[in-house]
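To start, the structure itself, in structure tokens.
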Amino acid sequence: MDSLEDKVVAITGASSGIGAATARRLARAGATVVLGARRADRLDALASEICAAGGRAVGVAVDVTRAEDLDLLVETAVSTYGRLDVLVGSAGIGPISPMTARRRTDWDAMIDVNLRGVLHGVDAALPVFERQGRGHLVTIVSTAGLKIVPTMAVYAATKNAVRTVLEGLRQESTDGTLKTTAISPGYVRTEFGDSVTDPVIRAEIGRNMADFALDPDDVARAVEFVVDQPWEVEIGELSIRPTRQG
């Protein structure tokens, strides 16, 4: 396996949930982590925690809907640590509801964060990866795109759009300089439910999370696995869900 001690990893959505768990796990494995999210106070606390444990971390206030913020995240990695090896896209929201609710503002928000936010990261990272001769895009997608269910039509559409972008990029990059990975988690105990605007759906998701959801570190372990492969091995897609999830 490639040594994580040689890798600089930038992570969006790093202030909580899967992003924060990934930062902790990769830092423990020796990677240098550059943390991006909107909540700067949480990033500072997480970076301090990682550094106190002997790791290397720095936080950058990032709103993934702003392309310039992703540029700053990538620039911080390069200017501070000399390179960027992996960009983990973990920022995402899910204000899900039935299509008949016609929550257009929520639809726009999911498109802006879940799809455009990923594209902004790709756009920021590609020039650096090209200069270096290699780079890895790891993006948290969702099993919602694999099994379409009521209330998740737009959310699933954004996730499947990302899956399509990554596969298209993979096929454009078979010269061995770029790897793409889409990781699709099922239910995970995160703040995802907080963005759900429909109170009935939010309550149902809360019950399922409390009942059988995965710990965020379970997904972080999957991220570590795909990042830790030899360079000639590319894991394009990986699904991880609770054994009790339908």
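The values are calculated or read from the model by the stated rules, or taken from the named source; none is laboratory data. Given the structure is predicted, the values throughout are model-derived calculations rather than measurements. Counting neighbours? That spans all protein chains shown, and the Cβs are built from the backbone with ideal geometry, glycine included. Surface areas here come from the heavy atoms of the whole protein model, side chains and all, with no ligands, DNA or RNA. Shrake-Rupley method; radii C 1.70, N 1.55, O 1.52, S 1.80 Å.
Measure nothing fancy, just the Cα-based angle from helix 40-52's long axis to the longest principal axis of the chain, in degrees from 0 to 90, nearest 10.
50 degrees
For the range 118-134, just list the computed ³J(HN,Hα) in residue order, Karplus coefficients 6.51, -1.76 and 1.60, θ = phi - 60°, integers in Hz, with x standing in for Gly and Pro.
Couplings: 5, 4, 4, x, 4, 4, 6, 7, 4, x, 5, 4, 5, 5, 6, x, 6 Hz.
Between 122, 149, 233, where does the largest GNM mean-square fluctuation fall for the chain, given springs only between Cα atoms within less than 10 Å?
So, out of 122, 149, 233, the one fluctuating most is 149.
Rg to Rh for the range 127-184: what is it, with Cα atoms only and Rh by Kirkwood?
1.10
Looking at 52, 65, 124, which one has the Cα that reaches farthest to the positive end of the dipole of the chain (charges on Cβ: Lys, Arg +1; Asp, Glu -1)?
Selected residue: 65.
Using the Cα atoms as the points, what is the convex hull volume per residue of the range 148-246 in Å³?
Measuring per residue, one finds 108 Å³ for the Cα hull of the range 148-246.
Projected onto the charge dipole of the range 191-240 (+1 at Lys/Arg Cβ, -1 at Asp/Glu Cβ, origin at the Cα centre), which of 223, 196, 240 gives the Cα projection farthest towards the positive end?
Of the listed residues, the answer is 196.
Determine the shape class of the range 25-87: with a ≥ b ≥ c the square roots of the Cα gyration tensor eigenvalues, call it rounded for a/c under 1.5, and otherwise prolate if a/b is greater than b/c, oblate otherwise. The partial results should precede the final answer.
Numbers: a/c = 2.24, a/b = 1.32, b/c = 1.70.
Oblate shape, in that a/c is at least 1.5 and b/c is the bigger or equal ratio.
Any chance you could check the Cα centroid distance between the range 186-223 and the range 225-243 for me, in angstrom?
Centre-to-centre distance over Cα atoms comes out at 22 Å.
Please work out the average accessible area per residue across the range 152-246, using the 1.4 Å probe convention, and give it in Å². If you can, show how the numbers build up before the last one.
Numbers: 4500 Å² over 95 residues.
I get 47 Å² per residue for the range 152-246.
At 222 nm, what helix-only mean residue ellipticity would the chain give, in deg cm²/dmol to the nearest 500, using -39500 (n - 2.57) for each DSSP H run of four or more? All intermediate terms of the calculation are to be shown ahead of the outcome.
On the way: 8 runs with 109 residues, N = 246.
It lands at -14000 deg cm²/dmol.
Considering amide H positions built from the backbone, and no H for Pro or chain starts, which residues 5 or more places from residue 188, or on another chain, come under 5 Å of its amide H?
Under 5 Å from the amide H of residue 188 lie the amide H atoms of 214, each far enough along the sequence or on another chain.
Could you report the range 4-149's accessible area per residue, 1.4 Å probe, as an integer in Å²? List each step's numbers first, then the result.
On the way: 6180 Å² over 146 residues.
Here the residues of the range 4-149 average 42 Å² of exposed surface.
Carbon and sulfur atoms: what percent of the 1.4 Å accessible area of the chain do they account for?
Carbon plus sulfur share of accessible area: 50 percent.
Checking the a/c ratio against 1.5 first, then a/b against b/c, what shape does the Cα gyration tensor give for the range 159-203?
Judged from the Cα gyration tensor, the range 159-203 comes out prolate (a/c at least 1.5, a/b above b/c).
Going by Cα centres, the range 105-145 and the range 19-38 are how many Å apart?
Taking the Cα centre of the range 19-38 as reference, the centre of the range 105-145 is 17 Å away.
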